[in-house]
Amino acid sequence: MSERHLNIKSLVMYYRTLRGEVKAVDDVSFSLPKGETIAVIGESGCGKSSLAKSIIRLLPRNVSVYKGAVLFNGLNLMDLDEETFTKEIRWTKITYVPQAALNSLNPIIKIGDQMIEPLLLHQKMSKGEALERAAKTLKAVGVNEAFLHHYPFELSGGMKQRVIIAMSLLTNPELMILDEPTSSLDVLTQANIMNLLKNIKRELKISMIFITHDVSLSSELADKVAVMYAGQVVEFSDAETFYKNPLHPYSQKLMESVPTLRTDKKLGFISGSPPSLLDPPKGCRFADRCPFIFEKCIKDPPIMHLNEGFYAKCWLYEKE
Amino acid sequence: MSSPLLHVENLKEYFEIRRGLFGKRGYVKAVDGVSLTLAGREAISIVGESGCGKTTLGKTILRLYEPTDGKIIFRGKDITHLGWKELKWYRRETGLVQQDPFGALPPFMTVKRILEEPLIIHGIKDRKEREERIYKALEGVKLTPIEDFINKYPHMLSGGQQQRLVIARSIILEPKMIVADEPVSMLDASVRIEILKLLQDLQTRYDLSVMYITHDLSTTRYFSERIYIMYAAHIVESAETKELLVNPLHPYTRALLNVIPDPDPSNRFLIKEVPTGEPPNLINPPTGCRFNPRCPNFMKGICDAKEPSLIEASKGHYVKCWLYG
Ligand SMILES: Nc1ncnc2c1ncn2[C@@H]1O[C@H](COP(=O)(O)OP(=O)(O)OP(=O)(O)O)[C@@H](O)[C@H]1O
Ligand SMILES: Nc1ncnc2c1ncn2[C@@H]1O[C@H](COP(=O)(O)OP(=O)(O)OP(=O)(O)O)[C@@H](O)[C@H]1O
Ligand code: SF4
Ligand SMILES: [Mg+2]
Ligand SMILES: [Mg+2]
């Protein structure tokens, strides 16, 4: 286990606000072997983007607590000073496609100029070299290199997303963090992008953290799955087990609410809403919505290890 | 089956646009010859990608836009070109659940006030009656206990609760038909089903017909009796829900069905066949079949030459594609 490529241990990140501390990432642990993809799924506000930002160390100013360990090839990224981290990790070995990145392209700067900026800045490449790299990467994601000289507003949503993915590939990263990379795209465009990501995974062997609220879509990439609820990972599992047999009561209810096209199933939903992250319950955070609640659930369930490092954070899986 | 509640024939809605101040006039043909019927208590789905004209179709049917051409018959009455005054009756009989509920609710009004407003506009003067209706609507959408909600402002409600409020407002005049425009696409999976079940429940309770607009084919299976597939302002296929999902005919429908995943770990090993490109703009759509530049079954000289007509391929199953003659 120790030589795992990415190993996240007890990661915590809180925001300070006028109303109190938002416990957005609250003791999250999981690991990922090289070349594999972990899907992080969960509903709006559960802390997925905050988790991504904590890993890539893009912390908003109002972060009040940030602790735990992010081990990447054995190195604790949280120990690095900002300069080393920027030079060696962020946008080089680990790249990040933020949520709603489509809107982050500057509409009045040519695609080529936007693409090469980090190469000039962080990798000290010459302009010619950088443009060549950009052209090659664009081609690899299925965009004609002529688009280097176009402006973002001339591109469709799907093309823009390809450009953004190309930008995150430029430095031959080992790990890509993709936050909802297809959520504003149409079904067919989304499927094209998923094909692209599968090819990247297969051919370049890049590891990925794929963040999405769409359970069905997550199965298009996931080798491992982490289910987040109210700031915590409540289940960490491998894809083969998870999609057939989710363990945590929240995962089960979530799966029940996913409509399927190919099989008949009775749909369910979860009544109520997730707790506030300002003052989450002391015990299990899912307790007041859980169909299996029993006496123990008023205490915080620890991580219950199952086989091969996978776990559920639920009293039902306590070993005698 | 009784005569339909709503019958729409060859409906067109063109928006005039100008390129530049003195530029040439052009039209966005957002709805371009759509026909459909909706029976009492029936739910139909209109499915298609962004920009294909779904919202425009819904709003034109509700006469929030003046139709460019075609016919809208509601309860046997031609309402296509009724004036605003005569339309008041139609407004009471129909409702709209707007796309993007978060923008739809006035932030400085309480739940009570939001629901009372349409009642006042439609001349329900008796305060007690208004109150009764408000209670009934809140109960209908299960915003209960009512006392907990009635004095709240929209920002105090969760996304799902806001959406239920929007639905309550759309049924407060007890309409016979509502257009639900992407009523759940902004909501989390676990709440979506709750809202859709609610709509289904209202359908029986209020004898309501529902036109459900969505880009998400996977929910339609559970919530509508008939599906219309829309592409670039046209209906390209329609059939009963089961039939359409089991036996899709149009290459566009087939592509949609093929790419929508079910949660299954084997998905990650498959690269899917996906038509490339994007839907056309509606100012200058392709000649012939509008799907032809993306179609895997494209036949040169046929598909790009002439527009196919909508034909009945089997009983009740319509398709607009040259593969079927
Ligand atoms: N800068 C910030 N300051 C204070 N609170 C924040 C900040 N950013 C996020 N939050 C809060 O932290 C919680 C987690 O937010 P986050 O964006 O990580 O959720 P998410 O799972 O990515 O949601 P979504 O699916 O909607 O993108 C939310 O309650 C959010 O309101
Ligand atoms: N008032 C308007 N004036 C001009 N063009 C319009 C107007 N309303 C819509 N359109 C255009 O008509 C086309 C259809 O738009 P519409 O909103 O009906 O699509 P839609 O299928 O509802 O899309 P979405 O899934 O994104 O909601 C689009 O090209 C849109 O830009
Ligand atoms: S710990 Fe208890 S309340 Fe929490 S998910 Fe498990 S059974 Fe449900
Ligand atoms: Mg997010
Ligand atoms: Mg719309």
Using alpha-carbon coordinates, inclination of helix A:187-204 to the longest axis of chain A, degrees: 80 degrees
Per residue, the convex hull volume that the Cα atoms of the range B:1-99 enclose (Å³): 127 Å³
Given chain B, longest segment not containing exposed loop trypsin sites (Lys or Arg not before Pro) (DSSP; at most 12 other Cβ within 10 Å): B:126-299
Whole-number percent relative contact order across chain B, with pairs defined as alpha carbons under 8 Å at least 6 apart: 20 percent
Amide H within-cut-off set for B:TYR27, under 5 Å, with H built and near neighbours excluded: B:ILE17
Charge tally in the Cβ shell below 13 Å around B:PRO293, where Lys, Arg are +1 and Asp, Glu are -1, B:PRO293 excluded: +1
Distant-in-sequence amide H partners of A:SER31 (H built 1.01 Å from N, under 5 Å): A:ILE8
Cross-link table A:LYS224/A:LYS244; A:LYS23/A:LYS296; B:LYS136/B:LYS242; A:LYS266/A:LYS299, entries beyond 25 Å C-alpha to C-alpha: B:LYS136/B:LYS242; A:LYS266/A:LYS299
Coarse-grained scattering of chain B at q = 0.10, 0.13, 0.14 Å⁻¹, given as base-10 log I(q)/I(0) from a Debye sum over alpha-carbon atoms: -0.63, -1.03, -1.16
Cα gyration tensor shape of the protein assembly as shown, rounded if a/c is under 1.5, else prolate or oblate by comparing a/b with b/c: oblate
Hull-based mean projected area of the range A:186-270, where the convex hull spans the alpha carbons, in square nanometres: 6.5 nm²
Distance from the range B:197-262 to the range A:33-59 (C-alpha centre basis), Å: 33 Å
Derived scalar couplings ³J(HN,Hα) [the range A:243-258; Karplus, 6.51 cos²θ - 1.76 cosθ + 1.60; whole Hz; x for Gly, Pro]: 5, 9, 8, x, 9, 5, x, 5, 4, 5, 5, 4, 4, 4, 8, 8
Within the protein assembly as shown: Cβ-based charge dipole about Cα centre, in debye rounded to nearest 20 (Lys, Arg +1; Asp, Glu -1): 960 debye
Karplus-derived 3J(HN,Hα), 6.51/-1.76/1.60, for each residue of the range B:266-277, Hz, glycine and proline x: 6, 3, 5, 8, 9, 9, 8, 5, 9, x, 8, x
0 to 90° range, to nearest 10: angle between helix A:157-169 axis and chain A longest Cα axis: 90 degrees
Linear extension gain, B:ILE271 paired with B:LEU323, 0.36 nm per residue minus alpha-carbon span: 16.1 nm
Unit charges at the beta carbon, dipole of the protein assembly as shown: most positive-side option, B:LEU245, B:LEU82, A:ILE165: B:LEU82
C-alpha long axis of helix A:127-140 to longest principal axis of chain A, angle in °: 60 degrees
Interchain or long-range residues, amide H under 5 Å from A:GLU36's placed H: A:MET208
³J(HN,Hα) computed for each position of the range A:291-296 - Karplus, 6.51 cos²θ - 1.76 cosθ + 1.60, integer Hz, glycine/proline x: x, 9, 3, 9, 3, 4
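Since every read-out is calculated from the coordinates, none of them should be taken as a lab result. Remember, predicted model here, so these are calculated numbers, not experimental data. Here the Cβ is made from the backbone with ideal geometry for all residues, glycine too, and neighbour counts use every protein chain on show.
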